[in-house]
Amino acid sequence: MSALLTVTELVKVHGRGRAALRALDRVSLDVERGEAVGLVGESGSGKTTLARCVLGLARADAGSIRLGEVELVGLAPAARRALAHRLGLVAQDPGASLDPRQTVRAIVAEPLLVQRSGTAEERARRVFEELEAVGLSAAQANLYPHELSGGQRQRVAIARALVSRPDLVVLDEPVSALDVSIRAQILNLLEELRLRHGVAYLFIAHDLAVVRALCARVVVLRHGRVEERGTRAQVFEQPASAYTRELLACVPRR
């Protein structure tokens, strides 16, 4: 069975000439359907740059990104928009990623409107189904982001990412801006929704404890290159790289 997402020898260069910096240096990884893969590394390792390339928010300079059988690198804008329903994003800061002028209902419905999916009644039903799935009530659908807690805002962002039933959701540090007491709730919710919808996750984080809780496989980035990859057990119990061991040393012991 072919992978859902296949990234091969991806290169992204920032700047030109002597000031050029390879943010991604021949990075390869894959994500199977319904799987959660963790992408970890320190700030500046290339994690978010890779996410932006996958989502079409940045242009790769070389290499390949395939979603199923579709090559995304160099894809025409119209063709890229036609694939928008297959990809979702949950960003780090729900306060910054949600439009403060829109109600929760409008925020979650936006992907369906952009994709012209279904009738107004069908879209409304999908919105309320997804809000219920993330633990928000019908009454909260009429609130604005500033009227919600940080954890509730991130639930809205998750509902928006999943409402179009994507194949893959990119989660870019989705719990790092939340209180510790809320993180476990959101991680449990993400796992429940992954199993319910069969959606795959590319889960980006610098916190290995968070990745260990959710991801079956892990890819470690360092300075734009893959430092190590393996199953959760391999990376956490028998890390091959000194860099990975340094990252693990920062994970609190239970």
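Considering the range 40-68, and only residues there that are surrounded by fewer than 19 Cβ atoms within 10 Å (Cβ to Cβ) and of a type in the set (A, V, I, L, M, F, W, C), the residue that is farthest from A91 (Cα to Cα) turns out to be A62. What's the number of the condition P100 fails, among (1) in contact with a helix residue (DSSP H, G or I) (Cβ under 6 Å, 6 or more places away or on another chain); (2) within 26 Å of R232 (Cβ to Cβ); (3) in a loop (DSSP other than H, G, I, E, B)? In the conditions (1) in contact with a helix residue (DSSP H, G or I) (Cβ under 6 Å, 6 or more places away or on another chain); (2) within 26 Å of R232 (Cβ to Cβ); (3) in a loop (DSSP other than H, G, I, E, B), P100 misses (2) alone. Taken over the range 153-188, residues that are within 13 Å of V90 (Cα to Cα) and assigned to a helix (DSSP H, G or I) amount to 12. Figure legend. Inter-residue proximity from the range 208-228: first residues assigned to a strand (DSSP E or B), second residues of a type in the set (K, R), beta-carbon distance below 8 Å, spacing 6+ or different chains. Indicated pairs: R217/R229; R217/R232; V218/R229; V218/R232; V219/R229; V220/R229; L221/K47; R225/R26. When E237 is tested against (1) out of contact with any Cys (no Cβ under 8 Å at 6 or more places or on another chain); (2) modelled with pLDDT under 95; (3) surrounded by 14 or more Cβ atoms within 10 Å (Cβ to Cβ), just one condition goes unmet, and that condition is (3). Of the set (1) under 22 Å from R194 (Cα atoms); (2) modelled with pLDDT under 95; (3) surrounded by 18 or more Cβ atoms within 10 Å (Cβ to Cβ), all apply to V37 but (2). The lone criterion from (1) farther than 14 Å from E35 by Cβ; (2) touching a Lys or Arg at 6+ places or on another chain (Cβ under 7 Å) left unmet by V218 is number (1).
Rundown of residues vs (1) of a type in the set (G, A, S); (2) loosely packed, with under 14 Cβ neighbours inside 10 Å; (3) without any contact (Cβ under 8 Å) to a residue 60 or more places away in the chain; (4) not in a strand (DSSP E or B), yes/no style:
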| position | (1), (2), (3), (4) |
| --- | --- |
| T6 | no, no, no, no |
| V13 | no, no, yes, no |
| D25 | no, no, no, no |
| S28 | yes, no, no, no |
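The values are calculated or read from the model by the stated rules, or taken from the named source; none is laboratory data. Being a predicted model, the structure only gives us computed values, none of them experimental. All Cβ positions, even for glycine, are placed from backbone atoms using ideal geometry, and neighbour counts span all protein chains on display.
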